[in-house]
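**Q** Mind looking over this structure? Questions follow.
The values are calculated or read from the model by the stated rules, or taken from the named source; none is laboratory data. Note that this is a predicted model, so its numbers are computed, not measured. So basically every Cβ, Gly included, is an ideal-geometry build from the backbone, and we count neighbours across all protein chains shown. Side chains are part of the model used for accessible areas, which takes the heavy atoms of the whole protein and leaves out ligands, DNA and RNA. Shrake-Rupley method; radii C 1.70, N 1.55, O 1.52, S 1.80 Å.
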Amino acid sequence: MRYFGTIIAVLCSLFAGFAGDGLSPARAAEEERIILPPGFRISLYARNVPGARSMALGPGGTLFVGTRGEGVVYAVRDRNGDHEADEVMVFVKGLNMPNGVAFKDRSLYVAEVHRILRFDDAETRPAGPSAPAAPVVVNDGFPRDRHHGWKFIRFGPDGMLYVPVGAPCNICESRDPRYASIMRMNPDGTGLEVFARGVRNTVGFDWHPETKELWFTDNGRDWMGDNLPPDELNCAPKKGMHFGYPYCHGNGIPDPEYGRGKNCSDFTPPAMALGPHVAALGMRFYRGNLFPPAYRNQVLIAEHGSWNRTTPLGYRISLVRMEGARAVRYEVFAEGWLQDGLVFGRPVDLLEMPDGSLLVSDDRAGVIYRIRYEK
């Protein structure tokens, strides 16, 4: 099978990374390994955050970090203001793939596979296994499928919490309208509704700083070859749009199993086709002033990396250039987590800090990086 050699190579690189101190070599030499545009610098913000995935920043400066297989949410603090974490603590453990975290009104919202939890006064309450926090169950009406069941969550400009529900398969058609969708609800869990359909699996979204329209990444299906279909960056300016899954992919590519008799022009095409199988996850519009002006209101995307492509692709941060509210170009911003077929890290989520620097979570190395610009 043509993917077998690649899978073995990737597995070997993963096991190699766990030698020594138990983490990837990215811990020791990230500044030398990662290639950035001139003037940009990368450093470690936090070590020892196993499985670090989605991030949310509390108003008091605590960084909350979700995980997937670890079942843990971390609280990460930089107490002395030197842009490097002094403390990494387990905030809560024993959860069902708590990938998604979001913060609102002093409360931390955590997405498990089947429900949304709320931890009130999250930055002031005791953390750690010895002081388990009793959460409020906001909504427990989500499917329990673990396939694409982990969730990214975020509050939109409308004050509602947006919650995706991935397809429970690689490719399939479901009568349950919750699958392959982005849903939204009020902060108290009421008013749950489907906002966008035909979304196979999004693990990252943001709203345009000027138009306030929702933009999101979407992972394309597997087993259509190395170069099809592309991952996608999509825009949903209104409720009720359908983005094609499982019938059509990318810019009018009919699915070989479910696309027969379907007209791909009936679905919303991507705003930008991304690399095939790059596993585009977290994305952010850059709003700060620390980066050069050319980066303001541009889209940065964490590409987690392919798992079954003959030649691995992704393992980087990409940049989608915008002209107003239109995506016009796709390019690489940061790379080096994949070198000579060996995987040293897998970016998952991006978070802009108040000073304009950019945090990057890496669930492969169990660390969080900080990217800054120095004039």
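**Q** Considering only segment 229-248, state which residues are open to solvent by less than 30 Å² (accessible area, probe 1.4 Å) and part of a loop (DSSP other than H, G, I, E, B).
**A** 229, 243, 244, 245, 246
**Q** Check every one of the strands (runs of 3 or more DSSP E) wholly within segment 41-147 and list those with 2 or more residues that are under 24 Å from residue 190 (Cα atoms) and hydrophobic (A, V, I, L, M, F, W, C).
**A** Numbers: elements: 55-57, 63-65, 73-77, 87-92, 100-104, 107-111, 116-119, 136-139.
Ranges flagged: 100-104, 107-111, 116-119, 136-139.
**Q** Can you tell me which residues in segment 338-359 are among the aliphatic types (A, V, I, L, M), touching a residue at least 60 places away in the same chain (Cβ under 8 Å) and closer than 19 Å to residue 300 by Cα? First the steps, then the outcome.
**A** Step one: list which residues in segment 338-359 are among the aliphatic types (A, V, I, L, M), which gives 338, 342-343, 348, 350-351, 353, 358-359.
Adding the requirement that they be touching a residue at least 60 places away in the same chain (Cβ under 8 Å) leaves 342-343, 348, 350-351, 353, 358-359.
Within segment 338-359, 348, 350, 351, 353, 358, 359 qualify.
**Q** Here's a check for you: in segment 183-228, which residue that is in a strand (DSSP E or B), free of Cβ contacts under 8 Å to residues at least 60 places away in the same chain and under 17 Å from residue 271 (Cα atoms) is most open to solvent (accessible area, probe 1.4 Å)?
**A** 197
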